[in-house]
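S.K.: Here it is, the structure, as structure tokens.
Read the figures in this text as sums done on the coordinates, not as results from a lab. Not measured: the values here are computed from a predicted model. Reconstructed Cβ throughout: ideal geometry from the backbone, glycine too, with neighbour counts over all protein chains shown.
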Amino acid sequence: MSSLGKKEDGPVSKFINRRISTKITLFIVSRGYRPSPNMVSLVVFTIGLIPLYLYVTGNPVLAGIIVQIASILDGIDGELARLLGKTSKFGAFFDGILDRLVDIAVILGATYFSYMFLNKTDFASLVIFYFALSGSLMVSYLHIRAEHYLGKHPTFTGSIPQFASRDVRLFILFMGSILGFVFEALALIAIISYIYVLSKFVETCLHVGFKEKTT
């Protein structure tokens, strides 16, 4: 039931996550349950913090699996809200803040694992850690600023696709963690995040600027 998704969904959400989360959402509703979307957000947030502990204790495979599970489950609150007519600005705000906290937690967890267990202690590695975390936050910041000031999500401005959206970044960390490439996953997240932010920023400025000049 693709109508439960969002137009701004990234590729992993669209082709993988939603195929699972919508089934869970429809199952919950079909059994007569009507949980608060905000409560679901809080439960998923709690699950999303578990990988931090697992990375710190040297269990990257299990950490990566739960990163992806939490990413899938993260769609349920919004799906329930849309299905039950319970969408709200507060719900979007609440979920967005919790998502950013989870993003920070999993990146810091993977960073700690790379530093302590993979001996990635050189300056170049520290730079990667910094850009992986800041890049993840900058993608989200770009999206929310564009929606707030320009009135539309960057996905609908220009032609550059969402190749560094949250679902993609978490999927990269998931794959890197289960395959033994935690540090490489962080490096890839850092690279694609900043390429996306810079290219989408320029594209949006050119697109919006051109429209303003012609109106």
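S.K.: Taking Ser71 as the residue in question, decide whether it is under 30 Å from Val29 (Cβ atoms), touching a Ser or Thr at 6+ places or on another chain (Cβ under 9 Å) and polar (S, T, N, Q).
M.R.: yes
S.K.: Go through the range 152-172 and report how many residues are part of a loop (DSSP other than H, G, I, E, B) and of a type in the set (Lys, Arg).
M.R.: 1
S.K.: So, one more: Could you list, in sequence order, the residues of the range 146-164 that are surrounded by fewer than 18 Cβ atoms within 10 Å (Cβ to Cβ) and within 16 Å of the chain's Cα centre (by Cα)?
M.R.: Within the range 146-164, His153, Pro161, Phe163 qualify.
S.K.: Which of (1) in a helix (DSSP H, G or I); (2) in contact with a His (Cβ under 7 Å, 6 or more places away or on another chain) does Ala70 not meet, given it meets every other one?
M.R.: (2)
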